[in-house]
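The values are calculated or read from the model by the stated rules, or taken from the named source; none is laboratory data. What you are looking at is a predicted structure, and each value in this text was computed from that prediction instead of being measured. Note that each Cβ is placed from the backbone with ideal geometry, even for glycine, and that neighbours are counted across all protein chains shown. Please note that ligands, DNA and RNA were not included when accessible areas were found on the heavy atoms of the full protein model with its side chains. Shrake-Rupley method; radii C 1.70, N 1.55, O 1.52, S 1.80 Å.
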Amino acid sequence: MLILLLQLEIAFHKRVDNFGLGLLLQTKQIKRMVSSYVGENAEFERQYLCGELEVELTPQGTLAERIRAGGAGIPAFFTSTGYGTLVQEGGAPIKYNKDGTVCLASEPREVREFDGRHFIMEKSITGDFALIKAWKSDRAGNIIFRKTARNFNQPMCKAARTTIVEVSST
């Protein structure tokens, strides 16, 4: 499970009902989520559609780069992904009112042209805490990731002020 806590906001990449973020959703401890995919979590859907949860959907590669940029101290970057879509134009529903109308919509992105191609600006993501899993660690605190955990965990660690690690073995 990959979680980056952002003062009651969470950027994540794991979708389950009765584990990890699913448990936080059930107890309504999540205010806002930044995600590339939300899965089929019924409680997530209910909270989002009832206006109890804010959701910012972003392409997975863009999400990964926003986190990586945050860890590198880069405040924003330009990407062609999302140009010409609702991501660029703004207006994507982030939060609904209880009656189903849009309460909060995404803002339009700044557009620039480089070498004849259009790009939109994305802001980086940083957080107060990153909660991650690792395969191994040593007494000095060095950690090793395996398999798909290598995709997001290292950038998550760098993008957070404090990282809390659950290790499978030492």
With all protein chains present, region 17-170 has a carbon and sulfur share of its accessible area (1.4 Å probe) in percent of 51
Between region 114-131 and region 41-75, what is the separation of their alpha carbon centroids in Å? 12
Once the other residues with Cβ under 11 Å from the Cβ of Arg109 are scored (Lys, Arg +1; Asp, Glu -1), what is the net sum? -2
With the cut-off at 30 Å, tell me which of the pairs Lys95/Lys147; Lys28/Lys158; Lys31/Lys136 have Cα atoms farther apart than that. Lys95/Lys147; Lys31/Lys136
Residues meeting the amide H criterion for Ser106 (H placed from the backbone, H to H distance under 5 Å, 5 or more places apart or on another chain) are Gly91, Ala92, Ile94
Sorted by chain and number, the residues with a modelled amide H under 5 Å from that of Trp135, at a separation of 5 or more or across chains, are Ile144, Phe145, Arg146, Ser168
Each label sits 7 Å from Cα toward the beta-carbon; between Glu52 and Phe114 the label points are separated, in nm, by 4.2
Which far-off residues, 5 or more places away or on another chain, put their amide H under 5 Å from the one on Gly127, with H placed in the peptide plane? Ala160, Arg161
Using a Gaussian network model of the chain whose springs link C-alpha atoms within less than 10 Å, name the residue from Arg112, Arg68, Arg139 with the highest mean-square fluctuation. Arg139
Relative contact order of region 78-167, pairs being alpha-carbon contacts under 8 Å that are 6 or more residues apart, as %: 24
